[in-house]
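Asker: Just dropping this structure here.
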Amino acid sequence: MTKTVNHWIGGKTVEGASGNWGPVTDPATGEVTTRVALASTEEVGAAVAAARAAYATWGTSSLAARTAVLFKYRALLDAHRDEIAELITAEHGKVHSDALGEVARGLEIVELACGITTQLKGELSTQVSNRVDVSSIRQPLGVVAGITPFNFPAMVPMWMFPLAVACGNTFVLKPSEKDPSAAVRLAELAAEAGLPDGVLNVVHGDKVAVDALLAHPDVAAVSFVGSTPIARYIHTTASANGKRVQALGGAKNHMLVLPDADLDAAADAAVSAAYGSAGERCMAISAVVAVGSAGDALVEKIAERARAIKIGPGNDPASEMGPLITAAHRDKVASYVTGAAAQGAKVVLDGTGYTVEGHENGHWIGLSLLDEVSTDSDAYRDEIFGPVLCVLRVESYEEGLALINASPFGNGTAIFTRDGGAARRFNLEVEAGMVGINVPIPVPVGYHSFGGWKDSLFGDHHIYGNDGIHFYTRGKVTTTRWPDPADAPAGVDLGFPRNH
């Protein structure tokens, strides 16, 4: 029997009324298991109205009241992490351990939000002039929205709404329609924790719902994570409508491997970073840049490890990599591999045509490894978002750095070396927002901020951490002068001496 996923508005389930529904598929079987309501402009408006009504009281609630809810929410998420992971696996396809890891990284931001009392402390300067003090505070924006991608259906929403509501805002979440169930469960658990009705709302939908959020006059800010073309559109459209925007786009993350590196460690890192979660993550390493003599041995070691990866349904404990989200995406990823040789690459591993016995209709693809890839090939230029790793050869550190910096993307990057001086130079010279030194996927912990450079970020603020708190608040500075009580008008006795 097909399950139905509806909206969550004003603290309760609201049945879809637009008449439009989207299919949700189990990627391991290819079967449609769920239908999801696709919101009309009016339904988005109802969610915004619920958030606006809730802001009237939530925006002025005490920090103690907000954090009390967040601490309960954190405990509930911890208790239900397996359940949330199972929802992710059923609709996204990633293996259970990957899904659990996603929930854990989302919990980091909930924990950061639990400490919002210290993050929202203001500043005070006394006696900046004679009897003049200056103070600054940060206040919430009002109704804010989040538009999140399919690849992390729980983690990315948790990168947004816990901080937003901790700061006193109310939130409308538009998750991916490809795997919507985790987002609804997050909202249900928030209500169970005591979050007031309307503070967190979930509306499902496609471009109609997105455009409605971008245009709605009561939405003060929009957070987005997704591909670069859509991030650019979100930023341009929302900014034109006077909204604050943080729009995180795509990536082509490079891993520079110097000849002195521990090649076994580098190969382990490359395999986990390129093929983990089937490569469907914006921080995946999709391009290894091998310097000089490191290339041949490194490619051999990567291929050896990649061949051993067990591919299968995400709910099978033996599986190390699951299927891709849709058949169409699987076919697009495969096209980069089938066309690679004609564009000069050496196909070391070809994962196209892969199937899993008993699940032949699943969205399967094997691991692909392309060597001697040129920078003008499609496999290098495009964000593939699948388990395809490109290896490029250079003769020097300088050549490798120049190659990386020439990319239009600047999300994450990494260097593998034993040389501290080389690592220090790379950290200072590379043009990317997140850098790993012998760390392949340098996703910052929750109390630092996540975000890239160049075409990987549109807007001024990174997500979560201090940047996230600043994004969801606005500053107010007050300059105060009070007359000295001793100068009170005659006849008003405040008990102060007059001889000063």
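Asker: Determine the alpha carbon to alpha carbon distance for each of 252/301; 310/332; 3/94; 121/174; 12/72; 207/332 and list only those over 26 Å. List each step's numbers first, then the result.
Answerer: On the way: 252/301 22 Å; 310/332 22 Å; 3/94 20 Å; 121/174 31 Å; 12/72 19 Å; 207/332 21 Å.
Long pairs (Cα-Cα over 26 Å): 121/174.
Asker: Follow-up. To the nearest 500 deg cm²/dmol, what mean residue ellipticity at 222 nm is calculated for the chain from DSSP H runs of n ≥ 4 alone, each contributing -39,500 (n - 2.57), summed and divided by the residues?
Answerer: Roughly -11500 deg cm²/dmol at 222 nm, from the helical runs in the chain.
Asker: Of 422, 269, 224, whose Cα points farthest to the positive end of the dipole of the chain (charges on the beta-carbon: +1 Lys, Arg; -1 Asp, Glu; origin at the Cα centre)?
Answerer: Result: 224, furthest along the dipole toward the positive end.
Asker: Between residue 376 and residue 130, take the C-beta separation as r, use R0 = 51 Å, and let me know the FRET efficiency to the nearest 0.05. Present the calculation step by step, with values, prior to reporting the outcome.
Answerer: Numbers: r = 67 Å, r/R0 = 1.31.
E between residue 376 and residue 130, to the nearest 0.05, is 0.15.
Asker: Let me ask something else. About its Cα centre, how strong a charge dipole does the chain have in debye, to the nearest 20, once Lys and Arg get +1 and Asp and Glu get -1 at the Cβ? Intermediate values should be presented prior to the final figure.
Answerer: On the way: 39 positive and 56 negative charges, 326 e Å.
Around 1560 debye, computed over the chain.
Asker: Return a whole-number percent for the relative contact order of the chain, with Cα pairs under 8 Å and 6 or more residues apart as the contact set. Present the calculation step by step, with values, prior to reporting the outcome.
Answerer: Values: 1188 pairs, mean separation 88.8, N = 500.
The normalised contact order for the chain reaches 18 percent.
Asker: Still on this model: Quick one: pull the percent of accessible area on the range 68-154 belonging to carbon and sulfur, 1.4 Å probe, ligands and nucleic acids left out.
Answerer: Numbers: 1860 of 3560 Å².
About 52 percent, which is the carbon plus sulfur part of the accessible surface.
Asker: Helix 263-275: angle to the longest alpha-carbon principal axis of the chain, degrees 0 to 90, nearest 10?
Answerer: 70 degrees
Asker: Can you find, among 413, 483, 140, the residue sitting farthest towards the positive end of the charge dipole of the chain, where Lys and Arg contribute +1 and Asp and Glu -1 at Cβ?
Answerer: Toward the positive end, the furthest listed residue is 483.
Asker: Continuing with this model, one more query. Give the Kirkwood hydrodynamic radius (Å, one decimal) of the range 321-376, defined as one over the mean of 1/r across all pairs of different Cα atoms.
Answerer: Numbers: mean 1/r = 0.0840 Å⁻¹.
Its Kirkwood hydrodynamic radius stands at 11.9 Å.
Asker: Can you order the peptides 158-165, 73-80 by their average number of other Cβ atoms within 10 Å per residue, highest first? Intermediate values should be presented prior to the final figure.
Answerer: Numbers: 158-165: 28.5, 73-80: 17.0.
Taking the mean over residues of other Cβ atoms within 10 Å, the ranking is 158-165, 73-80.
Asker: Next up: Give the average over all directions of the projected area of the C-alpha convex hull of the range 151-297, one decimal, in nm². Display every interim value, and only then the final one.
Answerer: On the way: hull surface 44.9 nm².
Over every viewing direction, the Cα hull of the range 151-297 projects on average to 11.2 nm².
Asker: With the convex hull built on the Cα atoms of the range 1-136, state its orientation-averaged projected area in nm². Mind showing how you got there, number by number?
Answerer: Values: hull surface 49.5 nm².
Approximately 12.4 nm², given one-decimal rounding.
Asker: Given R₀ = 30 Å, FRET efficiency for residue 477-residue 425 by Cβ-Cβ distance, to 0.05? Write down the numbers at each step before the final one.
Answerer: Numbers: r = 40 Å, r/R0 = 1.34.
So the FRET efficiency works out to roughly 0.15.
Asker: In Å², what does the accessible area per residue of the range 237-388 work out to with a 1.4 Å probe? Could the numbers behind the result be given before it?
Answerer: Details: 5620 Å² over 152 residues.
Accessible area per residue, the range 237-388: 37 Å².
Asker: Per the 1.4 Å probe, what fraction of the accessible area of the range 326-393, in percent, lies on carbon and sulfur atoms?
Answerer: Details: 1320 of 2990 Å².
It is 44 percent, rounded to a whole number.
Asker: With N residues in the range 363-500, what two-decimal value do you get for its Cα radius of gyration over 2.2 N^0.38 Å?
Answerer: Here the answer is 1.92, to two decimals.
The values are calculated or read from the model by the stated rules, or taken from the named source; none is laboratory data. Computed from a predicted structure; not experimentally measured. So basically every Cβ, Gly included, is an ideal-geometry build from the backbone, and we count neighbours across all protein chains shown. Note: areas computed on protein heavy atoms with side chains; ligands, DNA, RNA excluded. Shrake-Rupley method; radii C 1.70, N 1.55, O 1.52, S 1.80 Å.
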